1. What tally of residues in region B:126-138 results from selecting those that are more than 11 Å from chain A (Cβ to nearest Cβ) and in contact (Cβ under 8 Å) with a residue 60 or more places away in the chain?
2. From the list B:147, B:120, which residue is closer than 22 Å to residue B:29 by Cα, assigned to a loop (DSSP other than H, G, I, E, B) and more than 9 Å from chain A (Cβ to nearest Cβ)?
3. For region A:86-109, check the following and say yes or no: at least one residue is within 14 Å of chain B (Cβ to nearest Cβ) and surrounded by 21 or more Cβ atoms within 10 Å (Cβ to Cβ).
4. Can you tell me which residue among B:36, B:19 is under 20 Å from residue B:171 (Cα atoms), in contact (Cβ under 8 Å) with a residue 24 or more places away in the chain and out of contact with any helix residue (DSSP H, G or I) (no Cβ under 6 Å at 6 or more places or on another chain)?
5. Residue B:24 - would you say it is more than 22 Å from residue B:151 (Cβ to Cβ) and assigned to a loop (DSSP other than H, G, I, E, B)?
6. If you check residue B:141 against the conditions, is it within 11 Å of chain A (Cβ to nearest Cβ) and in a helix (DSSP H, G or I)?
7. Inspect region B:62-81 for any residue being in a helix (DSSP H, G or I) and crowded, with 16+ Cβ neighbours inside 10 Å and give the result as yes or no.
8. So residue A:171 passes all but one of these: (1) closer than 24 Å to residue B:21 by Cα; (2) within 7 Å of chain B (Cβ to nearest Cβ). Which condition number does it fail?
């Protein structure tokens, strides 16, 4: 069975969006069609066998329908205790699962040898990490300080040790990949 | 006149220390005597012509005396409106300056062609950034999630655009160097 990858773009000050949830261009690098950023984006897509997202990413409220375009032609597991009335009729295969553990387990099962990739939001990322479900973390670190927004790693996260696996360095974004090694030992100081 | 470098070690979740200010090993990489981390530490020391620190880094209270060992054999400017009774009698040249602008200006003057290097704490780093005094930022990104402590980039920072200058990637820490390009344009989204 495949591994679980947390894959998110984040500002230098740790935000996944800007003030009031504004789009601050953290995924601009993703739009390119050639070069190292496009290669890396393609690698993530190709290595992903299932996507896991929070309900807020799918869309808030009973009338949210998700979206009908995605580079990820794999099942999208949405963690929610309140499925929407209907998902998009488009080609995206949305599946609604109650509980983070359950959604990640279902995604791993569906992903086969590929990754179950957690794409956010921050609440889901943090819960999955704190439940010990995440094998690898990939941060696309965008060289901007936004000053406000949603922190990827909100205060209160459990402590974790990681080890760097790879860095891909481009002018637009620095792609940092880590393996999660285990809980952080309590204060060394 | 030289440039101003903000140079700090930070956890993956953006902290410069751990819960209750605990030492969580963010400068462990600095202790080595050979290899890329030692080379990089030496480079920072060699390229630094003056150090700027906040009062809390020097030590809190009237009786703090700073320290008497440092690899930085250059003037140390301490930003404070309340100088301590006495600084260490040791070889470190502590100078007390009221005001961030004034301390950074004095450090640049003293640094000559080398960098005036801001070594923290977070309040000073953030004030210097927000005053537009910082030319380059170097983050020593340690692969650990600590979950609590002092955030380097506390919410409320002004927005800034940066551009990556260099990455030095080691198993212990990823050294990310940026140039500050200017204020961030308001929400693009």
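1. Looking only at that region, the number is 5.
2. Of the residues listed, the single one that is closer than 22 Å to residue B:29 by Cα, assigned to a loop (DSSP other than H, G, I, E, B) and more than 9 Å from chain A (Cβ to nearest Cβ) is B:120.
3. No, because not a single residue in region A:86-109 is within 14 Å of chain B (Cβ to nearest Cβ) and surrounded by 21 or more Cβ atoms within 10 Å (Cβ to Cβ).
4. B:36
5. No; evaluated as a whole, the condition is false for this residue.
6. no
7. No, every residue in region B:62-81 fails to be in a helix (DSSP H, G or I) and crowded, with 16+ Cβ neighbours inside 10 Å.
8. Of everything listed in (1) closer than 24 Å to residue B:21 by Cα; (2) within 7 Å of chain B (Cβ to nearest Cβ), residue A:171 misses just condition (1).
No lab work stands behind these numbers, since they all come straight from the coordinates. What you are looking at is a predicted structure, and each value in this text was computed from that prediction instead of being measured. We place every Cβ from the backbone using ideal geometry, glycine too, and count neighbours over all the protein chains shown.
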